[in-house]
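Bear in mind that the values in this text are calculations on the coordinates, not laboratory data. What you see is a predicted model; the values in this text were computed from it and never measured. Cβ atoms come from the backbone with ideal geometry, glycine included; neighbour counts cover every protein chain shown.
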Amino acid sequence: MRKLLQIALLVVFPAVAAAQTVGPAEPAPGIFVLKKTGATLHLSVTGRSFTSRTALEYYLAFRAARATMDHGYQWFSFTEHRIPGDTVPVPKGDAAGPRFSFRMDYFRPQWRWRMAGAKTWTRWSPFSGTVFPDLKGADYEVSADIVMHKGMVDDVNPLAFDASAVSDYLINQVAPPA
């Protein structure tokens, strides 16, 4: 009996592995995903009906703020993903600069999209210095990585966001993407 079970497992599992698709998962309308590793969160939104860059980035920032508070933290720092050749300057701390939720210009997530019928995804970085593409009719994904913190926000760091201030600022400006 045990030998029969071993043979059955060898036959079934390769068939299951062969049936799995390779590559990025298909985006579904308005899906929000959060992955937590320690105090780091990876947040992403995928969809098929593009509204606007600002609307989707605000929604992602709002979800980052809510997730930070839900996990018992007070503030989060945005992690920029830069590559060689990026032309947008790295933000510098400014003790006299804007505070808390008024730094939304520094919440700059990564984008990728695929036009209808295309098999490959194209990426766009807010640090590249290129114009944001027209994504009407495209499948899209916008993602951000944040690190959650406890205590007082580092108010000199332009990539630091007070979670409750961001949540309060954006609560009436966001809607789940379609």
With all distinct Cα pairs included, what does the Kirkwood hydrodynamic radius of region 26-170 come out to in Å, to one decimal, could you say? 15.8 Å
Sequence-distant lysines (8 or more away, or on other chains) whose Cα lies within less than 21 Å of LYS136: LYS119
Suppose each label sits 7 Å from its Cα in the direction of the beta carbon; what would the ASP94-THR120 distance come out to in nanometres? 3.9 nm
Find how much the distance from VAL33 to GLN74 grows on full extension, using 0.36 nm per residue of separation minus their present alpha carbon separation; answer in nm with one decimal. 12.7 nm
Which peptide among 75-83, 146-154 comes first, and what is the full order, when sorted by highest mean count of other Cβ atoms within 10 Å? 75-83, 146-154
Students often check this: by mean Cβ neighbours within 10 Å, which of 62-68, 50-56, 108-114 ranks highest, and how do the rest follow? 62-68, 108-114, 50-56
In order through region 41-47: 3J(HN,Hα) via Karplus (6.51 cos²θ - 1.76 cosθ + 1.60), integer Hz, x for Gly, Pro: 10, 10, 10, 8, 10, 10, x
